[in-house]
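The values are calculated or read from the model by the stated rules, or taken from the named source; none is laboratory data. For clarity, every value in this text was computed on a predicted model and none was experimentally measured. All Cβ positions, even for glycine, are placed from backbone atoms using ideal geometry, and neighbour counts span all protein chains on display. Ligands, DNA and RNA are excluded from the accessible area calculation, which covers all protein heavy atoms including side chains. Shrake-Rupley method; radii C 1.70, N 1.55, O 1.52, S 1.80 Å.
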Amino acid sequence: MSAETLTKKLSVDELIKEAVTVRRDIIEMIAHANSGHPGGSLSATEIVTALYFNILNHDPKNPHWEDRDRFILSKGHACPVLYSCMARTGYFPVEELKTFRAINSRIQGHPEVRKLPGIEASTGSLGQGLSIGIGLALGAKLQGKNYRTYVLTGDGELDEGQVWESALCAGHKALDNLVAIVDSNKFQLDGAVKDIMPLASLPDKWNAFGWNVIEIEDGNNMQQVVDAFEKAETVKGKPTVIIANTIKGKGVSYMENNNEFHGAAPTPEQLAQALKELV
Amino acid sequence: MALEFKLGKATRDAYGEALVEVGQEHKNVVVLDSDLSKSTKSIEFAKKFPERFVNCGISEANMIGMAAGFVGSGMIPFASSFASFIMCKGFDQIRMSVANPHLNVKLVGSHSGISLGEDGASQQSIEDIGLACSLPQMTVLVPCDETSTKSLTHLMAKHEGPVYLRTGRPKAATIYKDGDTFEIGKAKLLRDGKDVTVIAIGLLVIEALIAADQLEAEGISVRVVDMFCVKPIDIDMIAKCAKETGAIITAEEHLIGAGLSGHVAQVVAQTTPVPMEYIGIDDTYAESGKPDELLDKYGLRAKNIVDAIHKVLKRK
């Protein structure tokens, strides 16, 4: 019914170029708002760009299309990457990105369903997205619908107990229409994941919960990201988790692996430098 | 002569029966429970529609999120657990995954109040109404008997938006007759009176009627209102009762202040300030015991309402 307006699927080369645009949006939005979370937005840029410009069957002009694939940004603080991809695929004018975090804006500090059409879940309180994804995936199975559901979590987010309640449940329900992606950028707000709450072997953990595990060596390599999503689509009888090893702050030299930029905006000078680098 | 009344089914049993009817009527209803379906009675739905029943295991947080996801898939989820567990353990999930996006999720908490008895304070829910009412645009329903529970279960399936329904473990006195109708936001006037109004919910409704009956012999005319919909609360009914009877008592199996009493007092203060007294759990946890013993010990009986009425009338 809306296939004519479905987003054109970009090639890997095109996706790589698009990711540069998305990164520029992220930095400009956060600089303009003088607040926000650049580090975890930049680490997830390849993942979200690949989804919105290639993997997802979606129609930006008809965000409530019932057969659309669903994407939930469980790590809600990384919403600049989501907003950029939504704007660039046509959900709303790119110009509106400038209202990020401003009063009366639809582009909230963390995503909200009732503010912006196309947002599938109100997130920002970590740990909740995968449970919602299970409901969406199980609902599809019960009703014979073919859409797929994607949930992006952080690695720090895996501290939340609810994630493991949902991991156990999705494995038990054999939800092969559900994909979780862990943006494993190795940092959380207070410091390194290995120091705050080490996760030990993530593949072993998800395996033990009944998931098909795909680990990507470089989650900022577009080819590897696209390949992982395509491989996940072929798996039957199990949900798939893509563990993407990423770099926090990827693409901006002074932000890479610098946790000072977990939740801090660049100064005007830093912005200028970032935009010089992102070409 | 004491007021005569019949005991009907427990409200949780009535819920279980009505849920089957709702499942027949609405093919897109899905029911979730967190390993308490035998107690919440959602098992009745599970027996009839196993393909539309999801046992989430003992994980309330995940259950609430799943319910939210089911809405996104085009279904109407009913999620149940004990009132204390669904509301306290699932609260942030209800807040962010359900209330913030204002999703059409139906939450049902059984074993509410202290009348579940012997299991003690960890299972007794005395905070759930306060928590549910604190969420923007959440509808909060507290039926008092079998008939109203069944009607409200059907009503919440048709109502668009998040709803919390509170049910109980013990058999409940029959207050309504078949065919009585209910509307969200409209309280039920059960007995007219002119000296004082008792606004009650749940098991306290029959206690209020008993108190009113007793006081009639003393020449005190007591009005009784069933405020089965605590949110949105019936402002017009409260203001009218305050104006016409000049004194208000609230009665509930819940902490005073956080639940019905606070919400009624807010309306009274704003519309028609009159003296009030409150019957409920007074800033404490309860304990193990037989339901009747607990209702006696924690002051949730007709005699406590009678005492409160005498007290409030002196302040008129």
Cβ-Cβ under 7 Å pairs, at least 6 apart or on other chains, region A:154-166 side under 13 Å from A:LYS75 (Cβ atoms), far side of a type in the set (Ser, Thr, Tyr): A:ASP155/A:SER184; A:GLU157/A:SER74; A:VAL163/A:THR153
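If you take the residues in region B:158-174 that are among the small types (Gly, Ala, Ser) and in a loop (DSSP other than H, G, I, E, B), which one is farthest from B:THR139 (Cα to Cα)? Show your work before the answer.
Here is the first cut: in region B:158-174, the residues among the small types (Gly, Ala, Ser) are B:161, B:168, B:172-173.
Going one step further and asking which of them are in a loop (DSSP other than H, G, I, E, B), we end up with B:161, B:168.
Values: B:GLY161: 8, B:GLY168: 18 Å.
Filtering first and then ranking leaves B:GLY168.
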Subset of region B:53-63 [more than 7 Å from chain A (Cβ to nearest Cβ) and assigned to a helix (DSSP H, G or I)]: B:GLU60, B:MET63
Tabulated pairs, region A:107-119, first within 12 Å of A:MET86 (Cα to Cα) and within 10 Å of another protein chain (Cβ to nearest Cβ), second among the aromatic types (Phe, Trp, Tyr) and open to solvent by less than 40 Å² (accessible area, probe 1.4 Å), C-beta under 6 angstrom, 6+ apart or interchain: none
Filter result for B:LEU103 (in contact (Cβ under 8 Å) with a residue 24 or more places away in the chain, in contact with a helix residue (DSSP H, G or I) (Cβ under 9 Å, 6 or more places away or on another chain), of a type outside the set (D, E, K, R) and assigned to a loop (DSSP other than H, G, I, E, B)): yes
Among (1) assigned to a helix (DSSP H, G or I); (2) buried (at least 23 other Cβ atoms within 10 Å of the Cβ), the one test that B:ALA46 misses: (2)
A:ALA192 of a type in the set (A, V, I, L, M), surrounded by fewer than 18 Cβ atoms within 10 Å (Cβ to Cβ) and farther than 19 Å from A:LYS75 by Cβ: no
Scan of region A:219-229 for residues that are surrounded by fewer than 19 Cβ atoms within 10 Å (Cβ to Cβ) and either in contact (Cβ under 8 Å) with a residue 60 or more places away in the chain or touching a Phe, Trp or Tyr at 6+ places or on another chain (Cβ under 7 Å) (or both), ordered by number: A:ASN221, A:GLN223
Odd one out for A:ASP176 among (1) touching a residue at least 60 places away in the same chain (Cβ under 8 Å); (2) among the charged types (D, E, K, R); (3) buried (at least 24 other Cβ atoms within 10 Å of the Cβ): (3)
Hits in region A:123-144 (condition: more than 24 Å from A:GLU112 (Cα to Cα) and either more than 7 Å from every other protein chain (Cβ to nearest Cβ) or surrounded by 24 or more Cβ atoms within 10 Å (Cβ to Cβ) (or both)): A:LYS141, A:GLY144
Cross-chain or 6+ apart pairs with Cβ under 7 Å, region B:261-287 first and farther than 12 Å from B:VAL198 by Cα and at pLDDT below 95, then open to solvent by 30 Å² or more (accessible area, probe 1.4 Å) and assigned to a loop (DSSP other than H, G, I, E, B): none
Residue, least open to solvent (accessible area, probe 1.4 Å), within region B:28-43, restricted to residues that are in contact with a His (Cβ under 9 Å, 6 or more places away or on another chain) and part of a helix (DSSP H, G or I): B:THR40
Every residue from region B:234-266 that is β-branched (Val, Ile, Thr) and either in contact with a strand residue (DSSP E or B) (Cβ under 7 Å, 6 or more places away or on another chain) or crowded, with 20+ Cβ neighbours inside 10 Å (or both): B:ILE238, B:THR245, B:ILE248, B:ILE249, B:THR250, B:ILE256, B:VAL264
Considering residues of region B:15-30 that are more than 20 Å from the chain's Cα centre (by Cα) and touching a residue at least 40 places away in the same chain (Cβ under 8 Å) only, the residue farthest from B:GLU146 (Cα to Cα): B:ASN28
Number of positions in region B:10-27 that are surrounded by fewer than 23 Cβ atoms within 10 Å (Cβ to Cβ) and under 18 Å from B:LEU204 (Cβ atoms): 1
